[in-house]
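Enquirer: What follows is a single structure, and I will ask about it in a moment.
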Amino acid sequence: MGRVALVTGGTRGIGEAICLMLQKEGYTVVANYGGNEEKARAFSERTGIPTYKFDVGSLSACEEAVEKIQADVGPIEVLVNNAGITRDGTMHKMSYEQWYDVVRTNLGSCFYVTRCLINGMRERGFGRIVNIGSINGQAGQYGQVNYAAAKSGIHGFTKALAQECAAKGITVNAIAPGYVATDMVRAVPENVLEKIVAKIPVGRLGEADDIARGVLFLVADDAGFVTGSTLSINGGQHMY
Ligand code: NDP
């Protein structure tokens, strides 16, 4: 059995592609999701990958779920903090709920899930953590003060944790995807999307597999010298 990998938000979009690529490489993959039962069931039937429903934005839910997952499949050695949401709106109209939901789901989750796993990784002297940030955390985006702040926070979280873990055999890296054709981006109005694609030098949206390939590289056993880095995968849209 390969190393156990937990992918949050693994049942669709980028997370699904990450799960499939890790599975193909021989990892024992488990996927988390938030509430879309239909997608989770279809995903599990298609892939044979077990799914666990819990809110990554709640520490107590993460604690309970991580304990169950590890009892079911063994110690988690690879963690991909991928789950994320958008609740767009300009600052002068943004509600507290829009702000807080995005910050706790996108950034809080990195603390909650990682906190549940970090001591086990330290004790075993091995771990691979990849946090999915965003081009909009690097460059900012109109109407996304909440999302850009949370994603930007992920990049700081990654660098600080990488320093703390380096001597313990644990690497911590981030990927900053550009615009990828998933449900999240399909929710963007078509006229806005056309303008976005026009600004991507390679001339297309990203595919979920473009991001998954980066994850596969960063979690490999022999990638131990890569830590604290942010890999931008964005078709050249933002060179950071
Ligand atoms: P999708 O909306 O396609 O999928 C999101 C996944 O996260 C789903 O599995 C969803 O579960 C899960 N999820 C959402 N909220 C929670 C929660 N509270 N607890 C547990 N799981 C949750 O997203 P993408 O695949 O597009 O995005 C994946 C990541 O990549 C996100 O962090 C996103 O911010 C980031 N990203 C995406 C970009 C893009 O262009 N698509 C660009 C840059 C970054 P369920 O199905 O149950 O709702």
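Here, each number is a calculation from the coordinates, and none is a lab measurement. In this text the structure is predicted, and so the values were computed from the model without any measurement. Heads up, the Cβs are rebuilt from the backbone with ideal geometry, glycines too, and the neighbour counts pull from every protein chain shown.
Enquirer: So which residue, out of G48, G127, G169, gets the largest mean-square fluctuation from a GNM of the chain using Cα contacts under 10 Å as springs?
Expert: Per the Cα network of the chain with a 10 Å cutoff, G48 tops the list.
Enquirer: Taking the chain as a Gaussian network, where each spring joins two C-alpha atoms under 10 Å apart, which residue of I85, I170, I154 fluctuates the most?
Expert: I85
Enquirer: Comparing K151, K195, K24, which has the greatest mean-square fluctuation in the GNM of the chain with Cα pairs linked when under 10 Å apart?
Expert: Ranking K151, K195, K24 by mean-square fluctuation puts K195 first.
Enquirer: Within the set K93/K151; K24/K195; K168/K199, which residue pairs have Cα atoms separated by over 31 Å?
Expert: Values: K93/K151 20 Å; K24/K195 36 Å; K168/K199 41 Å.
Beyond 31 Å between Cα atoms: K24/K195; K168/K199.
Enquirer: By how many degrees, 0 to 90 and rounded to 10, does the Cα axis of helix 59-73 deviate from the longest principal axis of the chain?
Expert: It works out to around 50 degrees.
Enquirer: Can you bin the range 45-132 into rounded, prolate or oblate? Criterion: square roots of the alpha carbon gyration tensor eigenvalues sorted a ≥ b ≥ c, rounded for a/c under 1.5, prolate for a/b above b/c, oblate for the rest.
Expert: It is prolate, given that a/c is not under 1.5 and a/b is the larger ratio.
Enquirer: Another question, if that's okay. Determine, for H238, H92, the number of other Cβ atoms within 10 Å of each Cβ, and report the residues in order from fewest to most. Walk me through the numbers before you get to the answer.
Expert: Working: H238 15, H92 6.
Arranged by neighbour count, lowest to highest, H238, H92 become H92, H238.
Enquirer: If you add up the charges near V113, with Lys and Arg at +1 and Asp and Glu at -1, over every other residue whose beta carbon is less than 15 angstrom from its beta carbon, what do you get? Don't jump to the answer; show the numbers that get you there.
Expert: On the way: positive: K53, K68, R104, R115, R128; negative: D55, E63, E64, E67, E77.
Every neighbour counted, the sum reads 0.
Enquirer: Next up: For Cα pairs less than 8 Å apart in space and 6+ apart in sequence, what is the mean separation divided by the residue count of the range 158-228, i.e. the relative contact order in percent?
Expert: For the range 158-228, the relative contact order is 48 percent.
Enquirer: So for the range 4-233, what are the equivalent ellipsoid semi-axes in whole Å, largest first, each being the square root of 5 times an eigenvalue of the Cα gyration tensor? Walk me through the intermediate numbers first.
Expert: On the way: eigenvalues 139, 73, 68 Å².
For the range 4-233, the semi-axes come out at 26, 19, 18 Å.
Enquirer: Under a 5 Å amide H to amide H cut-off, with H placed in plane at 1.01 Å, what residues pair with S232 once short-range neighbours are removed?
Expert: A176
Enquirer: How many angstrom lie between the C-alpha centres of the range 1-75 and the range 102-156?
Expert: Going from one Cα centre to the other spans 17 Å.
Enquirer: If you don't mind, another one. Specify the angular offset, from 0 to 90 degrees and rounded to the nearest 10, of the alpha carbon long axis of helix 109-124 from the longest principal axis of the alpha carbons in the chain.
Expert: Around 30 degrees separate the two axes.
Enquirer: Considering Cα pairs under 8 angstrom that are at least six residues apart, work out the relative contact order of the chain and quote it in whole percent.
Expert: The normalised contact order for the chain reaches 19 percent.
Enquirer: How about K53: which lysines have a C-alpha closer than 16 Å to its C-alpha, ignoring those fewer than 8 places off in the same chain?
Expert: Output for K53: K39, K68.
Enquirer: Quick one: angle between helix 13-24 and the longest Cα principal axis of the chain, in degrees between 0 and 90, rounded to 10, please.
Expert: Taking the Cα atoms of the chain, the angle to 13-24 is about 30 degrees.
Enquirer: Now, a different point. Show that you can apply the helix-only estimate: for the chain, add -39,500 (n - 2.57) for every DSSP H stretch of four or more residues, divide by all residues, and state [θ] at 222 nm to the nearest 500. Write down the numbers at each step before the final one.
Expert: Values: 10 runs with 112 residues, N = 240.
Mean residue ellipticity at 222 nm (helix-derived): -14000 deg cm²/dmol.
Enquirer: Only counting other Cβ atoms within 10 Å, I'd like F157, F54, F225 sorted with the fewest neighbours first.
Expert: F225, F157, F54
Enquirer: Compute the length gained on full extension between V188 and E25: take 0.36 nm times their separation in residues and subtract their Cα-Cα distance, giving the result in nm to one decimal.
Expert: 55.4 nm
Enquirer: In addition: Could you please rank D222, D55, D72, placing first whichever residue has the fewest other Cβ atoms within 10 Å of its Cβ?
Expert: D222, D72, D55
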